[in-house]
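Asks: The following block contains the structure, expressed as structure tokens.
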């Protein structure tokens, strides 16, 4: 993929990047170095804060680290429907913002990818191969 791609991380990818060393954290850093644009939404932030407070309360710096990383992304408007499916709302927000890739570790959402669509839904490993290993 050429430089300048718009990439939207699902909440689980953001959480992994903020809390654990590894692929998602490296992907986040590599996107900026390769000239790609990271997109996000307020819904991602709200979901991430909820999970960090519930599951990582002892991890004192996780919330601050997440907020610092999240602030580097361009925030796009939330999508209100379907109200009962946050994943579908995030995918819809990414599409509406013109994202080229939606990156998620959620198998249910990965199954929504359809060849030929303007926006691909891929795993973090697939995103790494497409955006980092492929080069400019």
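The values are calculated or read from the model by the stated rules, or taken from the named source; none is laboratory data. What you see is a predicted model, and the numbers here were worked out from it, not measured in a lab. Neighbour counts are summed over all protein chains in view; Cβ atoms, including those assigned to glycine, are modelled from backbone coordinates with ideal geometry.
Asks: Go through segment 79-94 residue by residue and tally those that are outside any helix (DSSP H, G or I) and either crowded, with 18+ Cβ neighbours inside 10 Å or within 14 Å of the chain's Cα centre (by Cα) (or both).
Replies: 1
Asks: Tell me which of these residue 51 doesn't satisfy, since it passes every other one: (1) within 13 Å of residue 127 (Cβ to Cβ); (2) in contact (Cβ under 8 Å) with a residue 40 or more places away in the chain.
Replies: Just one mismatch for residue 51, condition (1).
Asks: List pairs: first in segment 28-46 and at positive phi, second surrounded by fewer than 22 Cβ atoms within 10 Å (Cβ to Cβ) and modelled with pLDDT under 90, Cβ under 7 Å, 6+ apart or cross-chain?
Replies: Matching pairs, first to second residue: 35/3; 35/4.
Asks: While we're looking at this one, here's another question. Among the numbered conditions (1) surrounded by 14 or more Cβ atoms within 10 Å (Cβ to Cβ); (2) touching a residue at least 12 places away in the same chain (Cβ under 8 Å), tell me where residue 98 comes up short.
Replies: Looking at each condition in turn, residue 98 falls short on (1).
Asks: Report those helices (runs of 4 or more DSSP H) wholly inside segment 1-73 carrying at least 3 residues which are exposed (fewer than 12 other Cβ atoms within 10 Å of the Cβ) and at pLDDT 90 or above.
Replies: Correct list: 42-55.
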